[in-house]
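> Handing you a structure now.
The values are calculated or read from the model by the stated rules, or taken from the named source; none is laboratory data. Being a predicted model, the structure only gives us computed values, none of them experimental. FYI the Cβ positions are ideal-geometry reconstructions off the backbone, even for glycines, and counts take in every protein chain you see. Heads up: the accessible areas ignore ligands, DNA and RNA and are worked out on the full protein's heavy atoms, side chains in. Shrake-Rupley method; radii C 1.70, N 1.55, O 1.52, S 1.80 Å.
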Amino acid sequence: VAPLELVLVETDAPFLTPAPYRGRPNAPYLIPVTVRAMAAVRGLGEEALCTAIAANTARAFGLTRDTE
């Protein structure tokens, strides 16, 4: 339901590890699994969702991205 320009991904929920890794601690290496599931639910390509997440992260944390 959230607009694409507000979506971020995190791993701070230790008991919400994505399937098929349930039972293990949640960790950054599982972000791609979460992003794939999010893209499928939203009907987006993974690359489009990753681009949006990268822009949202940069905006949320005040980061600048090199354009070279």
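> Among the residues of segment 22-30, are any open to solvent by less than 60 Å² (accessible area, probe 1.4 Å) and under 16 Å from P3 (Cα atoms)? Step through it out loud before you land on a result.
Looking only at segment 22-30, we keep the residues that are open to solvent by less than 60 Å² (accessible area, probe 1.4 Å), and these are 26-27, 30.
Of the ones still in play, those that are also under 16 Å from P3 (Cα atoms) are none.
Checking segment 22-30: not a single residue is open to solvent by less than 60 Å² (accessible area, probe 1.4 Å) and under 16 Å from P3 (Cα atoms).
> Which of the following residues is without any contact (Cβ under 8 Å) to a residue 40 or more places away in the chain, out of contact with any helix residue (DSSP H, G or I) (no Cβ under 7 Å at 6 or more places or on another chain) and at negative phi: A2, A60?
On the way: A60 fails: without any contact (Cβ under 8 Å) to a residue 40 or more places away in the chain.
Exactly one residue qualifies, and that residue is A2.
> Just the residues that are farther than 14 Å from E10 by Cα and surrounded by 13 or more Cβ atoms within 10 Å (Cβ to Cβ), please, taken from segment 31-47.
Taking segment 31-47 as the starting set, the residues that turn out to be farther than 14 Å from E10 by Cα are 39-47.
Result: A39, R42, L44, E46.
> For L8, work out the one condition from (1) touching a residue at least 12 places away in the same chain (Cβ under 8 Å); (2) surrounded by 13 or more Cβ atoms within 10 Å (Cβ to Cβ); (3) not small (G, A, S) it doesn't fulfil.
L8 satisfies every listed condition except (2).
> So for segment 4-23 (the condition being modelled with pLDDT under 95 and outside any loop (DSSP other than H, G, I, E, B)), does at least one residue qualify?
Checking segment 4-23: not a single residue is modelled with pLDDT under 95 and outside any loop (DSSP other than H, G, I, E, B).
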